[in-house]
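Let me begin by presenting the structure, written as structure tokens, before commenting on it.
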Amino acid sequence: MSGVINYVSCGALWLGLAAKTPDLVRHPRDPYLRAICTVLGLAGACFLLGAAPTVGAINRLSGVPNLAAPLTYASIIAYSAASQVLVVHWRGGARVRHVARRWVAAYTLVVVGIGVTFALGDAPVERRTDLDTYYATTPFIAEMIVLYLVGHLVAVSVTTVLSLRWAREVDGWLRAGMVVLGLGSLCGAGYSVTKLTAVVARWCGGDWSELSTDVSPVAAGLGAMLISVGILTPLAGPRLAQWWRSWHTYARLAPLERELDDLLTRHSLRLPRPRWASPTTLLMWRQTSIHNALGHLDAFFDRSRYERVHEAALQATGDKEHAEAAAWAAVIAAAARAQHAGGTPVPAAGGAFALGEGAAGREERGEAAGPPPFEAAWAATWPVAAERAGAPSPGGIPSPGGGSVFGRLGDGVPGPAVLVRIAQALDSAESPGGASQGACGGTTPSGAA
């Protein structure tokens with residue numbers, strides 16, 4: 001047997017240990033972290049010591065046939081005790097330390113019993129993979145084998161029951177971790193059960209050694225993987241979820257940054273994109289770039305444009321968030337176009353509909369109050385395209401120092417959620433044509449975010 005399963009399982013567990021070691025260094029007195037790291041370290045040691053090449057090396061270097069067996073069994077029992085201590089700390093309560101000490105004391109006695117029975121027994125023939133069944137009828141060695149298998153079975157059974165029972169009392173990532181840990185412990189129980197079955201068959205004169213040499217390592221390896229994932233899930237899950245949300249928001253803001261790209265480049269308002277950065281850092285970088293551009297465009301924001309687009313969208317859809325995003329998108333697109341043109345207002349196209357005409361003027365002509373039907377139709381489907389097309393603004397583009405949507409923009413910068421909706425509005429305005437002419441020049445494919 002090459003021991004590949006053992007070494008892969010050991011590597012997976014010690015990889016989890018490496019992920020938690022920095023936290024343990026920062027908080028060395030945290031009993032919860034110490035229990036986690038102990039479980040991961042001992043579980044990996046069990047697989048390392050149980051691999052056939054490692055067994056041969058230990059026996060050869062020590063000069064004692066089968067010395068690797070009690071060392072492996074002792075590490076399995078120590079791992080079982082650490083698992084119990086971890087579950088106790090997870091559950092908490094007033095008697096955490098007392099209960100943890102009881103488990104440690106009980107399994108310390110088991111380790112001592114393994115050492116004593118091995119010393120009293122006689123196992124002269126080296127057996128690297130089937131010692132459990134080969135010496136199942138040898139005095140004292142048989143007792144050692146049963147002692148470690150029963151001790152391990154009890155530990156993983158208790159861990160399975162407690163983990164799955166507690167999973168019903170919690171939620172979120174902790175619940176997912178408890179379920180996975182319980183399933184991993186159940187697989188670990190399969191290791192002990194298959195070994196014990198092979199030993200009992202040997203007592204009865206049968207030969208089921210394949211259960212011990214082939215089936216049990218697979219069960220142990222699968223259990224190790226699940227236990228490692230279960231332990232790390234409550235710790236890594238929230239961070240991964242935050243990274244996913246940050247990355248998702250980062251991607252959704254792409255249309256808005258694309259709209260402001262020329263401005264950001266010409267005026268050096270954007271820092272270099274950080275390399276090897278987390279999604280959270282990338283999101284902060286993109287939001288900072290957008291805020292820099294909006295601050296630079298502050299003097300070009302047209303309050304009247306904002307108000308009429310907001311009114312049109314609100315009356316057309318009844319959705320305040322939709323109306324706010326549509327108005328901001330229209331104002332930003334127009335301001336970017338105006339700034340790129342050197343502050344000169346975009347001339348009105350002949351026959352263009354009057355977005356600036358208010359409800360009072362229409363009432364004087366006997367028309368219904370509210371936005372004109374054509375304007376309302378555009379507002380219902382994000383009115384950015386109409387604004388970007390050059391619709392006239394009655395007040396023109398404001399001069400620096402006045403006329404912005406919220407005075408000077410410093411008190412009115414949209415938050416992250418609003419920025420995302422603005423980006424959606426811009427992207428939606430690009431979608432009908434498949435590609436649109438950006439406010440500052442250049443062709444942008446729709447849906448590029």
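In debye, nearest 20: dipole of segment 42-169 around its Cα centre with unit charges on the Cβ of K, R (+) and D, E (-)?
Details: 10 positive and 6 negative charges, 139 e Å.
Using only the charged Cβ atoms, the result is roughly 660 debye.
Once each part is reduced to its C-alpha centroid, what is the distance from segment 1-59 to segment 85-141 in angstrom?
Here the answer is 18 Å between Cα centres.
Relative to the present Cα-Cα distance, how much length would full extension add between Val96 and Asp171 at 0.36 nm per residue of separation?
Working: separation 75, 0.36 × 75 = 27.00 nm, distance 2.17 nm.
This chain segment gains 24.8 nm when fully extended.
Sticking to Cα atoms, compute the Rg of segment 1-40 to one decimal and its Dmax as the biggest Cα-Cα distance, whole number, in Å.
12.4, 41
Suppose R0 equals 35 Å; then what is the FRET efficiency for Ser157 and Val112 from their Cβ-Cβ distance, rounded to the nearest 0.05?
Numbers: r = 22 Å, r/R0 = 0.64.
Result of the calculation: an efficiency of 0.95.
Using R₀ = 22 Å, calculate the FRET efficiency as 1/(1 + (r/R₀)^6) where r is the Cβ-Cβ separation of Asp23 and Met284; round to 0.05. Walk me through the numbers on the way to the answer.
Details: r = 24 Å, r/R0 = 1.07.
So the FRET efficiency works out to roughly 0.40.
How would you order 27-37, 255-265 from highest to lowest mean count of nearby Cβ atoms within 10 Å?
Ranked by mean Cβ neighbours within 10 Å, highest first: 255-265, 27-37.
Convert each backbone phi in segment 61-67 into a coupling constant with the Karplus relation 6.51 cos²θ - 1.76 cosθ + 1.60 (shift: θ = phi - 60°), then list the ³J(HN,Hα) values in order as whole Hz, x for Gly and Pro.
After applying 6.51 cos²θ - 1.76 cosθ + 1.60, I find 6, 7, x, 10, x, 6, 5 Hz.
R0 = 30 Å: FRET efficiency of Arg60 with Val104, Cβ-based, nearest 0.05?
Numbers: r = 33 Å, r/R0 = 1.09.
In this case the efficiency is close to 0.35.
Which residue, chosen from Thr197, Ala100, Ala136, occupies the Cα position most advanced towards the positive end of the dipole of segment 95-197, where the dipole is computed from +1 (Lys, Arg) and -1 (Asp, Glu) charges on Cβ about the Cα centre?
So the residue we want is Ala100.
Can you tell me the convex hull volume per residue for segment 22-158, based on C-alpha atoms, in Å³ to the nearest whole number? Please report the intermediate quantities before stating the final value.
On the way: hull volume 15.3 nm³, N = 137.
Spelled out: Cα convex hull of segment 22-158, divided by residues, is 112 Å³.
Using 20 Å as the cut-off for backbone N distance, which residues of segment 43-71 belong to the label zone defined by a point 7 Å from the Cα of Asp214 along Cα→Cβ?
Only 51-53 fall inside the zone, counting backbone N under 20 Å.
Hey, how many Å between the Cα centroid of segment 271-346 and the Cα centroid of segment 172-220?
60 Å
Every number here is computed from the coordinates shown, using simple stated rules; none is lab data. This structure is a prediction, so every number in the text was calculated from the model and none was measured. Glycine also receives a Cβ, built like all others from the backbone with ideal geometry; neighbour counts cover every protein chain displayed.
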